[in-house]
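Working notes, structure below.
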Protein chains: 2
Amino acid sequence: MLKDYGSETLKGIHRYIPKKEPKKYLYDLISEYPDRGGKGFRPGLCIAACKAYGGTLDEVLDSAITLELLHNAFLIHDDVEDESFYRRGKPTLHESNNQAIAINVGDAMNVLGLYPIFKNREKLGGRIAQQVFLEVQHMVTESVEGQAMELGWRKDNIPTLSETDYLRMILKKTCWYTCMHPLRIGAIIGSNGSVNPDIFNRLGYFMGTSFQIQDDILNLIADEKRYGKEIGGDILEGKRTLMLIHLMGRCNPDEHTTITDFLSTPIRERSPQKAKLILEWMHRYGSITHAKITAKYLAGGALKEFYSIFSRLPDTKDKAFLESIILYMINRDY
Amino acid sequence: MLKDYGSETLKGIHRYIPKKEPKKYLYDLISEYPDRGGKGFRPGLCIAACKAYGGTLDEVLDSAITLELLHNAFLIHDDVEDESFYRRGKPTLHESNNQAIAINVGDAMNVLGLYPIFKNREKLGGRIAQQVFLEVQHMVTESVEGQAMELGWRKDNIPTLSETDYLRMILKKTCWYTCMHPLRIGAIIGSNGSVNPDIFNRLGYFMGTSFQIQDDILNLIADEKRYGKEIGGDILEGKRTLMLIHLMGRCNPDEHTTITDFLSTPIRERSPQKAKLILEWMHRYGSITHAKITAKYLAGGALKEFYSIFSRLPDTKDKAFLESIILYMINRDY
């Protein structure tokens, strides 16, 4: 079902991409990231939530297309900002073209991404369309706020972050746009506005944090081919993960100095040997195990929330799919 | 009047900027570019067009705020893409902070910039609000398309551009968002949707091209303090201006090779001496004079269009202001 919903969304994306010039450095590149085959969590969650609440694929598809386009735009800019090398098994857009072109392609996807929800008006009426538009606006706002927090931590090389700081940051950067808003938007459309979307916030928070921590763990221990990014890339990028925060709270002063020195070095001058050493310390100090336990704990919270919300709804394939997607997001190994 | 309308718009921008965290690397920076004091052409044109068609400042202000916010977002990303050092007399945002933060601030301004036109619904009703939204969508789309053309020319180091290529590029990159859409949106709101906005396209094209060519000339010959950017910066950035295209069509083969070699060198390794030499050639081959004549010629077209459109309207301060703004845009020396 994740695949089916993803492929409907991808087909939809292609319907929205103009078949005109400039192709080489714009419209051809706009389809590049989506065509690499993301997992399609966001449209999957959104479509399933809509159908679980009695709506149809047809009613929700345009909103799912918007979510996926904005997600890809966000990835392209995020990759430039993090100076990442790989995405979904291929060089990032700024590596295969250049930074300027990648920034502009992201901007173009952001504007293109608003056309589908603009069309909602025709199918869903003005009231629901407006509500969805404000959901999307809030989603992007939270994401850029979370991103600003993370980028600020890196710029100022803050050595004293707590787990609470981390969870607040990924609530903003990840949870809203990966889980909360896809569920909220799906349920708003499926219920024709009769559901209070705030009931999904705790579920989305638990899912999103669990998902992000799992994602960060995979970055350190996954199979590179299946994962599609360079293993340990997050350490080289200086990403403040739960593991790094855990390690920095427990390592000895010498190790702490080594880590802060490493983080204050410009990204392209950082030594891969030191990154490997930090990874070893994460293993030795139990930081990875700690993160795994935290992710499972949050996933438990997500399941509990799921049952309390969805037990009121009739049993449908989409409801079962939502349950399985929560388990899958947490147990995935790539 | 330009100042008045600009300051109303700036006050409006500040009303839309959330007074909350994250401040240091987000909301504080969002007001930085607008606070530097741009010329406010776009809101000026938009507000004056609205009032010339019988509307009020109150009806059009939110749309003017959107135009100015999106303009500033565009500048921030454009400055990153061009690796520019100065903007409005100060270091560019990516120079004073870093690239990642600048990209994210631009993204945040883009999403913030949509809230004002979303509010149009309350004052102007759904039909006009929708029309304005589509105008803004088209405006941003044209701008990113024009940007893609220009960035592609640089990336591929195309040596054979014609004046027609250049004019098509700035039609997309500059004219729509600097002139055509501000006028169109103002007139749509002022006339309550009774004016066909396409009547402004030729005027906006003539104004915008004249404005951009004048801007490019100033980059080469203006007083640095008043202009606010480094003089000759466009040459160092490898910007394809009318002057460069004119020069490359007329210089001798040795000079041509020097220029293409210069343009294929990474931007931060280009020799300022060579840039100076190219500037000398532009003077010697009459490229700057040619551009000045072209700008005046296009400005003449703009005035002719202005009279043919606006002679039907009653004489108002705003109509007179629009006429003078055309003259000012063309004759300005900073």
Criterion violated by B:GLN130 - all others in (1) more than 10 Å from every other protein chain (Cβ to nearest Cβ); (2) farther than 26 Å from A:ILE103 by Cα; (3) in a helix (DSSP H, G or I); (4) in contact with a helix residue (DSSP H, G or I) (Cβ under 9 Å, 6 or more places away or on another chain) satisfied: (1)
Single condition B:PHE74 does not satisfy, out of (1) surrounded by fewer than 24 Cβ atoms within 10 Å (Cβ to Cβ); (2) more than 19 Å from A:GLU81 (Cβ to Cβ); (3) at pLDDT 95 or above; (4) among the hydrophobic types (A, V, I, L, M, F, W, C): (2)
Scope region B:133-165; condition among the β-branched types (Val, Ile, Thr) and either within 11 Å of another protein chain (Cβ to nearest Cβ) or part of a helix (DSSP H, G or I) (or both); matching residues: B:VAL136, B:VAL140, B:THR141, B:VAL144, B:THR164
Qualifying positions in region B:64-112 - more than 7 Å from every other protein chain (Cβ to nearest Cβ), part of a helix (DSSP H, G or I) and more than 18 Å from the chain's Cα centre (by Cα): B:HIS94, B:GLU95, B:SER96, B:GLN99, B:ALA102, B:VAL105, B:LEU112
Hits in region B:249-265 - residues which are of a type outside the set (S, T, N, Q) and surrounded by 11 or more Cβ atoms within 10 Å (Cβ to Cβ): B:GLY249, B:ARG250, B:CYS251, B:GLU255, B:HIS256, B:ILE259, B:ASP261, B:PHE262, B:LEU263
Residue in region B:35-57 that is in a helix (DSSP H, G or I) and more than 25 Å from B:SER194 (Cα to Cα) present: yes
The lone exception for A:LEU124 - which of (1) within 18 Å of the chain's Cα centre (by Cα); (2) at negative phi it fails: (1)
Neighbours by Cβ (under 6 Å, 6+ apart or cross-chain): first from region B:262-283, closer than 13 Å to B:ILE231 by Cα; second outside any helix (DSSP H, G or I): B:ALA275/B:GLY232; B:LEU279/B:GLY232
Single residue of B:ALA275, B:ALA302 found to be buried (at least 16 other Cβ atoms within 10 Å of the Cβ) and over 20 Å from the mean Cα position of the chain (by Cα): B:ALA275
Residue list for region A:161-192, restricted to those being among the hydroxyl-bearing types (Ser, Thr, Tyr) and either in contact with a strand residue (DSSP E or B) (Cβ under 9 Å, 6 or more places away or on another chain) or touching a residue at least 60 places away in the same chain (Cβ under 8 Å) (or both): A:SER162, A:TYR166, A:TYR177, A:THR178, A:SER191
Whichever residue in region B:1-42 is hydroxyl-bearing (Ser, Thr, Tyr) and within 12 Å of chain A (Cβ to nearest Cβ) and, among such residues, is farthest from the chain's Cα centre (by Cα): B:TYR25
Sole exception among (1) more than 30 Å from B:LYS319 (Cβ to Cβ); (2) out of contact with any Ser or Thr (no Cβ under 8 Å at 6 or more places or on another chain) for B:VAL111, by number: (2)
Candidates B:GLU68, B:GLU59 - the one that is surrounded by fewer than 21 Cβ atoms within 10 Å (Cβ to Cβ) and either among the acidic types (Asp, Glu) or touching a residue at least 24 places away in the same chain (Cβ under 8 Å) (or both): B:GLU59
B:ASP198 modelled with pLDDT under 95, surrounded by fewer than 21 Cβ atoms within 10 Å (Cβ to Cβ) and under 30 Å from B:PHE133 (Cα atoms): no
Which numbered condition B:ARG268 fails, given (1) assigned to a helix (DSSP H, G or I); (2) at pLDDT below 95; (3) surrounded by 13 or more Cβ atoms within 10 Å (Cβ to Cβ): (3)
Of all residues making up region A:201-247, the number that are at pLDDT 90 or above and over 24 Å from A:LEU161 (Cβ atoms): 1
Count of residues meeting criterion [part of a loop (DSSP other than H, G, I, E, B) and modelled with pLDDT of 95 or more] in region A:271-288: 2
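The values are calculated or read from the model by the stated rules, or taken from the named source; none is laboratory data. The shown structure was predicted, so the numbers you read here are calculated from the model rather than taken from an experiment. Cβ: placed from backbone, ideal geometry, glycine included. Neighbour counts: every protein chain shown.
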